[in-house]
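Below is one structure, written out as structure tokens; the observations come after it.
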Amino acid sequence: MSKGKQIAFTLLLMYLALVAINRTTFVNAEPTEEYKGSGYCISCHPDQGGEYSQSAHTNGYSNEDFQEVWADLGSTADCLECHTTGYDKTTETYALAEVQCEACHGPGDTMERDTSPELCGECHTGPFPTYDEWVNSGPSHGTADCMTCHNEHTSKMEFETPDETCGQCHDSHVIQVDDSTHGLNDVGCVDCHMNIEEADFYNGIQAKTGHSFNPKEHELDCSSCHDRPLEKHDVLGEKATACLSCHGDIHELKLELVNRETYDNDEPVALCAQCHNERYTDWSQGTHGAHDNPQAVCTECHDPHIPTINKISTLEPIPTRELDDPAPLLYKIAFVVVLEILAFSVWILRRYNNV
Ligand code: HEC
Ligand code: HEC
Ligand code: HEC
Ligand code: HEC
Ligand code: HEC
Ligand code: HEC
Ligand code: HEC
Ligand code: HEC
Ligand code: HEC
Ligand code: HEC
Ligand code: HEC
């Protein structure tokens, strides 16, 4: 390195260090900064301003639903923390209505860039425990945080449809569902994986936002769309659990055995055989089922959901068994005869001795 280059390099390092120091003080600016409102920010950041104008955050406070419920509950201050910007707990006042730029970036020239899900979690908790559900969903979605799926400025989905969102990482499932009867009828990932229930503010009941993405935890209820009550087979479990013991390949809508072999819906024999082995054996030997059509599969006679066939007995009545083997009777007679001979001999002997 030449002397000139060395000096230039040192100067560059000093400059970078200065910038770094400057930057830390800049970012860690004391909250003495004043809230200035989104108009101030947008004057220099028009792009983000345009995106933000589409966001639900722009009316986090003026939103009619909020105003109505809030008024019903006596307009208490503790509702304002997440529906305003710069809320101060001690004075119970806020700087700006709505969820504005500075709610996420700090007041005035703080201009903090926080990309953590905890930023969203400050407000998306409590009555709408989105953040908590996401955290509790386990490690699987650690790489899929709020901003993977939602745009921070528009607050819309990053992708056109929810299915596309999930498909970023689960494309094989998307292909399976798309080709199934569900996909063709617009039933998508969210319908089964996200159980969404509104919050009930009047009774203090939290919402369910579906962000654990796990259908079992939600106790998915297939009968919310399907009127298929189960009889007898209801013993197989609660809600979706029962359905899944047969419709186990739920994404392709095929029947699935415990060993994960799958069958089309019109090939149920192996499935039924798994649990009704005796009847299956009878069926395969031709002693159960139709005499005229031994190929008829189980579901041609049994509705898999209500399998008993009331009052129609196509089976031969089971004959009552009778004892028609004579051998036991002969043994009995022989036994009595032998006993009698013995008794007679004893009587004869006694008589002899007495004489
Ligand atoms: C006078 C113009 C101006 C105003 C007003 C302004 N900014 Fe900035 N902002 C800038 C410039 C210049 C940068 C630096 C760009 C860079 O770091 O690449 C910046 C950077 C940022 C960044 C990125 C910081 C980072 O670490 O990457 C954020 C976030 C930000 N501004 C938010 C805001 C918010 C919120 C407001 C309103 C409270 C605001 N800005 C007001 C000019 C402005
Ligand atoms: C911890 C933060 C927080 C607190 C405290 C809070 N909310 Fe909210 N509220 C939110 C968030 C976040 C949403 C948006 C949730 C969503 O759409 O999933 C919301 C949405 C709402 C909505 C629905 C708005 C709509 O778009 O339909 C109403 C109504 C509401 N809140 C009322 C209240 C009332 C009343 C209180 C006080 C009892 C309150 N909130 C306290 C965070 C909060
Ligand atoms: C709900 C929270 C939230 C609100 C409200 C919000 N931002 Fe941001 N903003 C973010 C997050 C998070 C990032 C960082 C995104 C990243 O790096 O992936 C960001 C990034 C930025 C950046 C850096 C450049 C960029 O686009 O990545 C600027 C500038 C910015 N925001 C300005 C604004 C302005 C101006 C407003 C209001 C009109 C605003 N933001 C409202 C959360 C928010
Ligand atoms: C200061 C509190 C606050 C913060 C921080 C916040 N939000 Fe919100 N968010 C709200 C409130 C309040 C609503 C409800 C607004 C309404 O329905 O009018 C909301 C609504 C939403 C919605 C619903 C949009 C819709 O169409 O109904 C999404 C998505 C959202 N926020 C995502 C985020 C993300 C992602 C972050 C983090 C980058 C974030 N929010 C940070 C308070 C907040
Ligand atoms: C894997 C993708 C994914 C992740 C990660 C994710 N979300 Fe969502 N979010 C969704 C989907 C999908 C919906 C439902 C959209 C629908 O019903 O059409 C949704 C709905 C929402 C809504 C309600 C929007 C509305 O229209 O009412 C809010 C608010 C929200 N998410 C906030 C968050 C926050 C905050 C985080 C981080 C803690 C987060 N989400 C993480 C995919 C995700
Ligand atoms: C950024 C990538 C990513 C996105 C986007 C994503 N996932 Fe996942 N998901 C994963 C990873 C990684 C796993 C764990 C490994 C696996 O089972 O494939 C996982 C696992 C799962 C599981 C298994 C249960 C569990 O907790 O282990 C379900 C169910 C699931 N995801 C549903 C969804 C749904 C529904 C969506 C769309 C709303 C979605 N995922 C979006 C990455 C993602
Ligand atoms: C008809 C309801 C339904 C639909 C639609 C659905 N799923 Fe599932 N999914 C389930 C059920 C139920 C399970 C749990 C199966 C089990 O544990 O036996 C599951 C399990 C999963 C798993 C974890 C186990 C595995 O098979 O890897 C992932 C990942 C998943 N689904 C992703 C998706 C995605 C992505 C979509 C949308 C393209 C989707 N699912 C659509 C009901 C559904
Ligand atoms: C959001 C509504 C919805 C949910 C939830 C749902 N389904 Fe469906 N399902 C449909 C619709 C719509 C169809 C097509 C019309 C029909 O057959 O009823 C369908 C069709 C089916 C079919 C017929 C497949 C074929 O090829 O003929 C089966 C089997 C099925 N669903 C099982 C389930 C099971 C099991 C669950 C629960 C894990 C479930 N569905 C959850 C809406 C739903
Ligand atoms: C004992 C196994 C079994 C159980 C449990 C079961 N199914 Fe089925 N289901 C089947 C079989 C096999 C078929 C195909 C019947 C055929 O094609 O003749 C079927 C067909 C269907 C169909 C499409 C044909 C029709 O009847 O419209 C729907 C929808 C369905 N099942 C929903 C459900 C739901 C919802 C549950 C849970 C409440 C459930 N099933 C539980 C075995 C089962
Ligand atoms: C996962 C195991 C399982 C599968 C698969 C299964 N069953 Fe069952 N089945 C049961 C159980 C458990 C009962 C309840 C027995 C009871 O009530 O004593 C039952 C009851 C029945 C009954 C009524 C028996 C009675 O005592 O009245 C019939 C008929 C029947 N199943 C037929 C079928 C047919 C046909 C199939 C295939 C479509 C099938 N089952 C698949 C477990 C299963
Ligand atoms: C041709 C029609 C037909 C076919 C095919 C058929 N079954 Fe049956 N099954 C019946 C009739 C009828 C009964 C006696 C009526 C009843 O008890 O419900 C019966 C009884 C049963 C029972 C006992 C019910 C009880 O009350 O004890 C089971 C379990 C059963 N069948 C399973 C199967 C299985 C598994 C298959 C396929 C391998 C099958 N069936 C095929 C007509 C049929």
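What follows draws every value from the coordinates through simple rules; no lab data is involved. Computed from a predicted model, the values in this text were never measured in an experiment. As a convention, Cβ positions derive from the backbone with ideal geometry for all residues, glycine included, and neighbour counts pool all protein chains shown.
Annotations for the structure displayed:
- Length added when fully stretched, Leu257-Glu238, from 0.36 nm per residue minus Cα-Cα: 5.0 nm
- Amide hydrogen proximity for Thr209: with H placed 1.01 Å from N in the peptide plane, the residues at 5 or more positions away or on another chain lying under 5 Å are Glu197.
- 29 Å Cα-Cα threshold exceeded, pairs from Lys156/Lys208; Lys36/Lys156; Lys36/Lys89; Lys156/Lys239: Lys156/Lys239
- Cα-based Rg and Dmax for region 228-300, where Dmax is the largest Cα-Cα distance (Å): 13.1, 38
- Efficiency of FRET between Leu230 and Glu198 - r from beta-carbon atoms, R0 25 angstrom, step 0.05: 0.30
- Here the residues Phe335, Phe213, Phe201, ranked from fewest to most Cβ neighbours within 10 Å of their Cβ, fall in the order Phe335, Phe201, Phe213.
- For region 111-191, the spread of Cα positions along each principal axis, largest first, Å: 46, 25, 23
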